[in-house]
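Participant: Quick one: structure below, then a few questions.
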Amino acid sequence: KIAIDPTQHVAAVSPALYGLMTEEINYSYDGGLYAELVNNRNFAPHWSGFEHWFVESGGNSHASMEPSTDGPSKALPRSMKLTIMDASAANQAGVMNDGYWGMGLKPSTEYKGSFYAKSSGVGDARVRLVSDVDNATLAEATVPLQDGAWKQYQFALPTKSTLVASKNNHLVITFAHPGTVQFQLVSVMTPTYKNRANGNREDLMEMMAALHPHFLRMPGGNYVEGNTIEDHYNWKQTIGPLIDRPGHQGTWHYRSSDGLGLLEFLEWCEDLHMDPLLAVFAGYTLDGKHVDHEALKPFVQDALDEIEYVTGDTNTKWGAERARDGHPQPFPLHYVEIGNEDWFDKSGSYEDRFAAFAKAIRAKYPELKLIATTPVKNTVPDVIDDHYYKSPEEFYAMLHHYDTMDRSGSKIFIGEWATRVGTPTPNMAAALGDAAFMTSMERNSDLIVMASYAPLFVNVNPGGMQWSSDLIGYDAAHAYGSPSYYAQVMFANHLGAFVARSTNDGESARVFASATVSADGKTLFLKLVNGGDKPANVELSLPHVKPGKAAVTTLSAKSRWDTNSIDAPKHLVPVDSRVNVGAEWKHTLAGNTIEVLDIPLQ
Ligand code: AHR
């Protein structure tokens, strides 16, 4: 039996409860959200040559590729040197790039290309997008190169209306004359959300928009820490013209181009109407090393500079830099997180590191709320970031963890959480665990002010995933939401403003509920979860509801192991219907089911 009194508001719901967490993992940016199609556009050094680049020749044409220590900028002081030995108009030679497990192409679409080149004798570059299946040319451009110094070239690659959308495509650049050409920053961008220059893939942005996220933890996770001090997330190297971004070794076994850098994170927030939640590097890296005392000072200064880059007006040093980068308007900022999972730092140095950051940030920006990644004793953080990666059963067992927690201290941010069942994306069992946990977050959202599922993204190709159970999966052409994604869409779209007084004696049978009321008091948002396989007969006492129809959104599976995948993206999706509801309502909740009801109140 579930009894709810919608006129009794026991707490306010945090309007910022649901947000997003992001880091470069599972090819989230390069090979994911970032609209670049070319893999390894910066020709990162590798023992095998240049990953994802191959010589393209045939018939009587010959070419070779080698690293060169000459590049177009200080940040990219190297390039790929292509020597064309033999070539003719009919038998061209050059290079090809295979993209991130292909390149997603659509009909009647213009792909924007550019590269830096320094050439001698090769003449025009013929740039083509080509099908892997039959080698057909799907889009092409002729780019006349001028012999001499480094120069950037831009071109357009429009596809025909007859093209069949697919991911099985690659890029080819060839020449009809012998000579040499050095390349750097070879780029082909797919159209972006809201046509942002250097922006994001449209389908993934639309999927995130449907979550109505309130904030973006940027960037979080191991990625902000780095494997070594040298490779920590150094935001200053991720801003400005792309040619001035060296890229860096990420923590998930691949290199980051940093094409999606700090300004792009902020523009991502702007496009989805989210607040940035800025995570700053706090002097601890994944190899277990930390910096402190004098050595920490430059990193504290970097954090202050970063905050100024986000919020400063154009009279400030870093605000002016942001304006030069194309965004004179400052961004809103309320929360700064200092580090990530610093409970791993067994030296205990976080106490002093947090204090050093907090002192400096609070002196200059007293209005900012500071998030600690583990409890500290001598400085009071505004918020503490708790992380949970659990099984459904573990979540079911901890649904009352926050109910009795002290409300007078720091607030809670659940900056990473997920029920981890299913790979690459979670299945229905995980969605049920997630939904149950969300009922407890909503009930406690006077304390839990924000929460963000992690990881957000996975490129589902073999080799694309470093961490299983990720909210949204994709390849070069398509994206899909896991059942956990849909559970979040359902909860986030019916958040409510107040927690209603309620009791539920069905938890031992795995029936969970959350009851919130809209700000105007006219709607009860009732979330019901049946984590059991069998239907549950639920008796609901709902005084003050208007007897009649209520809107229901249902996500249900025959088996908890059911899921969505890149080949069956819509196997489990929420379904809308209407149901008769009254003050005493007997309701059968199907097994493995999440329901969200909008119930009109009197
Ligand atoms: O979300 C994956 C990883 O889990 C994050 O990078 C890290 O913070 C956590 O341990």
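Participant: At a Förster distance of 30 Å, what's the computed FRET efficiency of residue 155 paired with residue 89, Cβ-Cβ distance as r, to 0.05?
Facilitator: Once the sixth-power term is evaluated, E becomes 0.95.
Participant: Now for a separate question. Rounded to the nearest 0.05, what FRET efficiency do residue 406 and residue 546 give with R0 = 41 Å and r taken as the Cβ-Cβ distance? Could you check?
Facilitator: 0.60
Participant: Please sort through the DSSP H helices of the chain and keep those with an alpha-carbon extent of at least 15 Å along the long axis and a Kyte-Doolittle average not below 0.0.
Facilitator: 428-443
Participant: At a Förster distance of 30 Å, what's the computed FRET efficiency of residue 114 paired with residue 46, Cβ-Cβ distance as r, to 0.05? The partial results should precede the final answer.
Facilitator: Working: r = 23 Å, r/R0 = 0.76.
Here the calculated transfer efficiency is 0.85.
Participant: Would you mind telling me the antiparallel percentage of the DSSP bridges in the chain, rounded to 5?
Facilitator: 75 percent
Participant: Using the Cα gyration tensor of the stretch 234-313, with a ≥ b ≥ c the square roots of its eigenvalues, what is the shape: rounded (a/c below 1.5), prolate (a/b larger than b/c) or oblate (neither)?
Facilitator: oblate
Participant: Quick one: net charge around residue 308, please, counting Lys, Arg +1 and Asp, Glu -1 for every other residue with C-beta under 11 Å from its C-beta.
Facilitator: Residues close to residue 308 contribute a combined charge of -2.
Participant: Name the residues whose placed amide hydrogens come within less than 5 Å of the amide hydrogen of residue 411, ignoring near sequence neighbours (fewer than 5 apart) on the same chain.
Facilitator: Placed amide hydrogens put 383, 384 under 5 Å from residue 411.
Participant: What nm value, rounded to one decimal, do you get for the distance between residue 64 and residue 561 when each label is placed 7 Å out toward the C-beta?
Facilitator: 5.5 nm
Participant: Could you list log10 I(q)/I(0) for the stretch 19-99 at q = 0.11, 0.15 Å⁻¹, which the Debye formula gives when each Cα is one point scatterer?
Facilitator: The Debye formula, applied to the Cα set alone, gives -0.41, -0.68.
Participant: Within 10 Å, count the other beta carbons around each residue, average over each peptide in 538-551, 480-493, 356-369, and list them highest first.
Facilitator: The densest-packed peptide leads the list: 480-493, 538-551, 356-369.
Participant: Kindly write out, for the stretch 414-425 in residue order, the coupling ³J(HN,Hα) from the Karplus curve 6.51 cos²θ - 1.76 cosθ + 1.60 (θ = phi - 60°), rounded to whole Hz, with x marking Gly and Pro.
Facilitator: Each residue of the stretch 414-425 in turn: 9, x, 8, 7, 5, 8, 9, 9, x, 8, x, 10 Hz.
Participant: Between residue 343 and residue 136, what is the label-to-label distance in nm when each label sits 7 Å out along the Cα-to-Cβ direction?
Facilitator: Those two pseudo-labels are separated by 5.6 nm.
Participant: Continuing with the same structure: Share of Cα-Cα pairs in the chain beyond 31 Å, in percent?
Facilitator: Beyond 31 Å sits 54 percent of the P(r) for the chain.
Participant: Just to be sure I understand: of the beta bridges DSSP finds with both ends in the stretch 359-513, what percent are antiparallel, rounded to 5?
Facilitator: Within the stretch 359-513, antiparallel bridges account for around 15 percent of the total.
Readers should treat all values here as calculations from the given coordinates under stated rules, not as data from a laboratory. Keep in mind that this is a model prediction, so the values were computed, not measured. When we count neighbours, we look across all protein chains shown, and the Cβ atoms used for this are built from the backbone with ideal geometry, even at glycine.
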